[in-house]
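Worksheet: one structure, shown below.
The values are calculated or read from the model by the stated rules, or taken from the named source; none is laboratory data. Keep in mind that what you see is a predicted model, and the values were worked out from it rather than measured. Backbone-built Cβ (ideal geometry, glycine too); neighbour counts: all protein chains shown.
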Amino acid sequence: MKPTNPLRIAVQSNGRLSEPSREYLRSLGLQFNLNGRTLITPCENYKLDILHLRDDDIPEYVSREVADFGIVGENVVREKESRVRIVKRLGFGFCKLVIAVPEGSPIQSVNDLEGERIATTYPHVLAGFFRENRINAAIIPIEGSVEIAPSLNLADAICDLTQTGKTLKENHLVPLMTIMESEAVLIESMISRHEKLEFLKL
């Protein structure tokens, strides 16, 4: 009988979900040692390899069946529009994707965004929101430091993740509305595999 390859699960290598994701795996009874140098960590008591990746890359690895499972924010899954299945919401990594405007801005409602410029790292999610609300606004995709865009006159508002609202407040921004609420989710590839069903029973 041909031996089966280990399952693979992708988790965030560094960031707010990295340690909670590892703790979740340990809560399933999985044992592994991290050395901080390798991007692949084998479990000691289960046929499973842990891949340590950038969170934005996790849905792609899973959709292309390089990894069987992944733990990532639902916001990333929505933005990447990858062909994956959400198996379970994990109860950590809570955050909100909000539109925020500078203090004193004349933008006070969703209709006031018509014709304005909104900077974001979530252009696909934001575009969907605008289509649903029939708003014609300019979406400015940027990779980071979204919160400084209004002060530099790059944008009139931003669409970004927030957990506590502290960063928004520090940059004199106030939330206008919530686009989506998010938490860490377990995703799986679309391919069927008996070992995947066994893992989900842990």
- Note on the structure: Filter segment 20-57 for residues that are among the hydroxyl-bearing types (Ser, Thr, Tyr), assigned to a helix (DSSP H, G or I) and in contact (Cβ under 8 Å) with a residue 12 or more places away in the chain; the one that is farthest from Glu81 (Cα to Cα) is Tyr24
- Query: How many residues does segment 190-202 contain that are part of a loop (DSSP other than H, G, I, E, B), closer than 20 Å to Tyr61 by Cα and modelled with pLDDT under 95?
  - Reply: 3
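Name the residue, out of Ser192, Ser109, Ser105, Ser151, that is over 17 Å from the mean Cα position of the chain (by Cα) and either of a type in the set (Val, Ile, Thr) or in the same structural domain as Glu65 (by TED's automatic domain parsing) (or both). Walk me through how you get there before you give the answer.
Details: Ser109 fails: either of a type in the set (Val, Ile, Thr) or in the same structural domain as Glu65 (by TED's automatic domain parsing) (or both); Ser105 fails: either of a type in the set (Val, Ile, Thr) or in the same structural domain as Glu65 (by TED's automatic domain parsing) (or both); Ser151 fails: either of a type in the set (Val, Ile, Thr) or in the same structural domain as Glu65 (by TED's automatic domain parsing) (or both).
Answer to the selection: Ser192.
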- Message: Of everything in segment 67-80, what is surrounded by fewer than 20 Cβ atoms within 10 Å (Cβ to Cβ) and within 11 Å of Glu188 (Cα to Cα)? Give them in sequence order.
- Response: none
- Item | Output for segment 1-19, where each listed residue is closer than 18 Å to Val72 by Cβ, aliphatic (A, V, I, L, M) and either assigned to a helix (DSSP H, G or I) or out of contact with any Ser or Thr (no Cβ under 8 Å at 6 or more places or on another chain) (or both) | Leu7, Ile9, Ala10, Leu17
- Message: Please pick out the residue among Leu34, Leu48 that is more than 28 Å from Glu181 (Cβ to Cβ) and buried (at least 19 other Cβ atoms within 10 Å of the Cβ).
- Response: Leu48
- Message: Where the second residue is surrounded by fewer than 19 Cβ atoms within 10 Å (Cβ to Cβ) and among the polar types (S, T, N, Q) and the first is in the same structural domain as Asp160 (by TED's automatic domain parsing) and part of a helix (DSSP H, G or I) and lies in segment 74-90, which pairs have Cβ atoms under 9 Å and are six or more apart or on separate chains?
- Response: none
- Query: Given the conditions (1) out of contact with any His (no Cβ under 9 Å at 6 or more places or on another chain); (2) within 19 Å of Glu183 (Cα to Cα), which single one is not true for Glu79?
  - Reply: (1)
- If a residue has to be exposed (fewer than 15 other Cβ atoms within 10 Å of the Cβ), in a loop (DSSP other than H, G, I, E, B) and within 22 Å of the chain's Cα centre (by Cα) to count, how many in segment 154-189 make the cut? 3
